[in-house]
Structure formats: C-alpha cells, structure tokens
Amino acid sequence: MPQSLARRCSNRARGLSLRPACCGCPARSGRRQRERNCRLASRAIRGLPFLPNCYFSGRLQQSCETLRDGSVGESAGKSMSGLRVTVLGLGLMGAPMALRLVQAGHQVTVYNRTRDKTAALERAGAKVADSAADAVASCEVAITMLSDDDAVAAVLDEILPALPTGATVIDMSSVRPDTARAHAAKLEAQDCFFLDAPVSGGQIGARDGTLSIMVGGNGAAFARWSSLLGALGKPLHVGPTGAGQLAKLANQLLVGVTLAAVGEALLLLQRGGADVRAAREALLGGFANSRVLDVHGQRMLDGQFEPGGYIATQLKDLDNVLIAAGDLQLPTAEVARDLFAEAVEQHLGDRDQAAIYLTLATRNFKPPT
C-alpha cells in the first residue's frame with residue numbers, strides 16, 4: 001500500500017489527481033485514516049521508514065502534495081501571506097529581515113538571546129518568545145540567522161523537540177555545507193523539512209529586501225517557500241542540500257579577495273599622488289566596477305567602519321572556504337584569509353569588512369584621518 005500511495009501522491013503533485021481525496025484516499029475514509037495515509041506517502045517519497053502506528057496533524061497533507069523532488073502542487077510558489085513564521089537571531093541581518101516579514105503581513109514570532117534587540121520588532125507587531133523552543137511551538141516555518149556553525153547547531157538541538165511535524169527550517173546563516181547536510185538529516189528524521197539559504201547583500205539588502213538568497217535543498221520545498229523568501233530578496237535554487245552554503249562560500253571568497261584588492265588599489269592611488277576619489281569614480285565606470293568598490297570603497301575613503309558585516313565573520317567564512325576546498329588549491333583564498341586573520345589580531349574583528357583597508361595601510365603608512 002505505501003508504494004501505491006506514493007505513486008498517487010506523485011500524480012497529484014503533477015496535477016494528475018486520480019481520486020478526490022488527499023493522496024488517493026477514498027473520500028469516505030475517516031479523517032484520521034486520510035492523515036495517516038498522507039503521512040505514509042510523504043515518507044515513501046523521501047525514502048523514510050514507515051511508522052504505521054502513529055497519527056499526525058493535517059499539516060502534512062499540504063507537504064504531501066508539494067514536498068517532493070521535481071514536482072510541486074498547484075499552490076507551490078504562489079503568493080503567501082499570514083504564515084506563522086519564526087525568526088531566531090536578531091543581529092545585523094536577522095532584525096531587518098524579521099521586520100520585512102512583519103511588514104509582508106506574516107504572523108512573526110521572534111527570539112533572541114539578548115531581549116532588548118526584540119523591542120523594535122515587538123512595536124512593529126511581532127510576538128516575542130521567551131525561548132527558542134517556545135518560538136517554534138506553533139510555527140509553519142522557522143528561519144535561523146545566527147553567527148556560526150556552533151550557534152546554529154545549539155539552537156537546532158533546542159528547537160527540535162518543540163518543532164511541529166511537517167514544519168520547515170530555513171537556515172539563512174553562513175555555515176559549512178557539511179553542517180547543513182547534518183541539520184537536514186536531523187530534521188528529516190523528525191518528519192520536518194530543511195533548506196539552507198544563506199544570503200548576500202549586507203544590511204542594506206536586508207533592510208531593502210534586495211538580498212541574493214542562495215538556496216540548497218529539495219526543489220519542491222524551495223518552490224513552496226520561494227514566495228516567502230521573496231519578501232527578503234531574490235531566492236535562487238542552486239542545488240541539493242548544502243549547495244546554498246557552498247554558493248555562499250564562493251560569494252565570500254570573491255568578496256574577501258575583492259575587499260583586499262580594493263584596499264590595495266586605493267593605497268596605490270594615494271601613494272602615487274592621484275585624486276583618489278576621482279580615480280575611484282573613473283574605476284566605477286569601467287570593467288573594474290563592482291559592488292565592493294562602490295560600497296566598501298566609499299567606506300574606506302570616508303573612514304566609516306561601523307559594521308554592516310564583521311571582519312571576524314569574513315575570517316570565519318574564509319576558513320570555511322578552505323575547509324570545503326579540501327585538497328583543491330586556492331592560493332588567493334589563503335592569502336585573503338591570512339590578511340583577515342591579521343586584522344582580527346589587530347582587534348578589528350568587530351569592525352566592518354572595509355576595515356581591511358586599515359590593516360593594509362598599517363603595512364605601509366598611516367592612513368589619512
């Protein structure tokens with residue numbers, strides 16, 4: 001029976017409904033039986049063992065239609081509003097992202113270890129929970145935006161016992177790809193779903209809803225939640241679980257190397273006696289133009305290093321690049337990593353990434369004040 005149910009669920013996901021009830025269950029079947037069969041079919045699709053003696057909530061009926069590789073139900077990807085969304089982690093990125101979800105009309109619950117960071121969101125209409133477990137107790141989707149692998153693992157262990165069956169966790173933190181795959185396995189074992197969806201765009205992108213969102217995981221799960229993520233920026237599905245984190249590491253490699261190159265270019269212009277600001281404008285009009293030269297180059301010239309992204313975070317990401325690379329040789333990544341490590345040793349870890357300019361300047365001459 002389970003294989004037959006899985007085939008019927010697959011047909012329904014492609015719009016080929018064979019019977020009027022969910023997953024091929026006869027319309028006259030009892031509600032509990034339909035829910036049970038839906039659960040069995042969902043597990044069959046994902047290759048999980050069956051639990052024939054358990055009964056589950058009707059929430060998984062929707063999952064059964066939409067959460068399978070390669071096919072999605074008709075409702076997947078459509079505009080969503082009023083969802084029960086939890087956001088865990090309200091730092092430089094998490095707070096403005098949570099605010100955008102509130103403004104999009106979702107029922108947002110937030111949690112942060114430092115309670116005072118929740119005040120503005122509470123005034124905006126978010127509900128503040130007393131713990132991470134309480135925050136996810138009735139959610140449909142939980143978004144984590146935390147500092148590193150250890151922080152995400154600790155929060156995940158805390159929320160797993162409280163997470164409703166069929167809920168989805170979207171980790172938008174920057175962690176290693178193998179960490180993302182381990183988290184996905186934990187959630188699948190509990191009949192929940194997982195997407196790794198790190199972002200690029202900094203505080204400006206989080207505030208304006210223009211983040212680039214690199215999503216790894218089940219393609220149909222991505223389709224189901226793409227509209228929700230659309231309130232935060234442009235989500236793109238880049239492959240299976242862990243691929244989102246791998247794309248973010250590629251992004252951070254490019255950003256880290258480019259930050260160093262921009263800093264060196266400005267120092268070269270300054271040492272040679274050029275009008276540095278005018279020269280930068282000229283570079284922005286040519287092939288060297290980049291977001292880093294535009295935003296961070298301006299910060300370097302203005303000496304404005306209040307964090308939009310931390311030096312310490314950039315170092316963590318470059319360390320993860322080299323771990324993910326294994327025996328692949330990435331010489332420029334290694335040089336950039338050592339440069340950011342030097343910046344942290346100079347107590348610049350809590351400054352903006354553009355402060356790498358200060359590290360480069362101290363190797364040469366005192367930067368202008």
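Values in this text are rule-based calculations from the coordinates and carry no lab data. The shown structure was predicted, so the numbers you read here are calculated from the model rather than taken from an experiment. Glycine also receives a Cβ, built like all others from the backbone with ideal geometry; neighbour counts cover every protein chain displayed.
Label Leu301 and Arg113 with points 7 Å out from Cα along Cα→Cβ: what is the distance between them in nm?
3.9 nm
If r is the Cβ-Cβ distance from Glu264 to Asp294 and R0 is 22 Å, what FRET efficiency results, to the nearest 0.05?
Values: r = 17 Å, r/R0 = 0.76.
Calculated value: 0.85.
Please list 3J(HN,Hα) in residue order for region 112-118, calculated via the Karplus relation 6.51 cos²θ - 1.76 cosθ + 1.60 where θ = phi - 60°; whole Hz, with x for glycine and proline.
Per-residue couplings from phi come out as 8, 4, 8, 4, 5, 6, 8 Hz.
Given the Cα-Cα distance of Phe365 and Glu122 and 0.36 nm per residue of separation, how much length would full extension add, in nm?
Gain on extension, Phe365 to Glu122, equals 82.7 nm.
Give the Rg/Rh ratio for region 84-240, taking Rg as the radius of gyration of the Cα atoms and Rh as the Kirkwood radius, to two decimals.
Ratio value, two decimals: 0.92.
Please give the residues of region 137-155, grouped as numeric ranges, whose backbone N is less than 20 Å from a label point set 7 Å along the Cα-to-Cβ vector of Asp319.
145-155
For region 249-369, what size does the Cα cloud have along each of its three principal axes, sorted from largest down, in whole Å?
43, 32, 25
Listing Lys127, Lys316 from the residue with the fewest other Cβ atoms within 10 Å to the one with the most, what is the order?
If I rank by nearby Cβ atoms, fewest first, I get Lys127, Lys316.
Between Asp275 and Ala133, what is the label-point separation in nm under the 7 Å Cα-to-beta-carbon projection?
6.4 nm
So who's got an amide H within less than 5 Å of the one on Thr168, skipping anything under 5 residues away but keeping other chains? H placed 1.01 Å off N, in plane.
Val141, Ala142, Phe193
Which net charge results for the neighbourhood of Leu301, defined as the other residues with beta-carbon distances under 9 angstrom from its beta-carbon, given Lys and Arg at +1 and Asp and Glu at -1?
Charge balance near Leu301 sits at +2.
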